[in-house]
Amino acid sequence: MANSIPLVARILLSLLFILAGVGKIMDPAGTAQFIESASPLPGMLALPTGIFELGAGVLLASGRYLKYVSLALAGFTALATVLFHNQLGDQMQLTMALKNLAIIGGLLLVYERSASADPA
């Protein structure tokens, strides 16, 4: 049972990225419009972002390249927090920022567990 907990945790974390990635891939124009309206970033990042989220989410769920994927997703989530959820006076944005901090914490735990399992 204890050995299945990290797998379940990774799958639960990965679902957020997989579903978000699929959404961006299915509607790149809508995502591009959102990116441009909510941040200083160009909308052309919509499709590459969706591909990154989907691919990294699948790798996270499968347990492959965990040290790299967990750090990349933690950095991605931190950047998304700064760029898209920085209006902390707005209760919804504060909630989203705190959710992202929790996700970053989970990803750092995945990193720590994978780094201690593979000292290379």
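No value in this document is a laboratory result; all are computed from the given coordinates. Small disclaimer: the values here were computed from a predicted structure and weren't measured. Don't worry about glycine lacking a Cβ; one is built from the backbone with ideal geometry, like all the others, and counts go over all protein chains shown.
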Provide the gained length on full extension for the span Leu108 to Ile51, in nm with one decimal, where the gain is 0.36 nm per separating residue minus the Cα-Cα distance.
18.3 nm
For the stretch 16-28, Karplus couplings with θ = phi - 60° (6.51, -1.76, 1.60), whole Hz, Gly/Pro x:
4, 6, 4, 5, 5, x, 4, x, 5, 5, 6, 9, x
Roughly what would the spin-label model give for Leu71 and Gln93, points 7 Å off Cα along C-beta, in nm?
3.1 nm
Under the Kirkwood approximation applied to all pairs of distinct alpha-carbon atoms, what is the hydrodynamic radius of the chain in Å?
15.0 Å
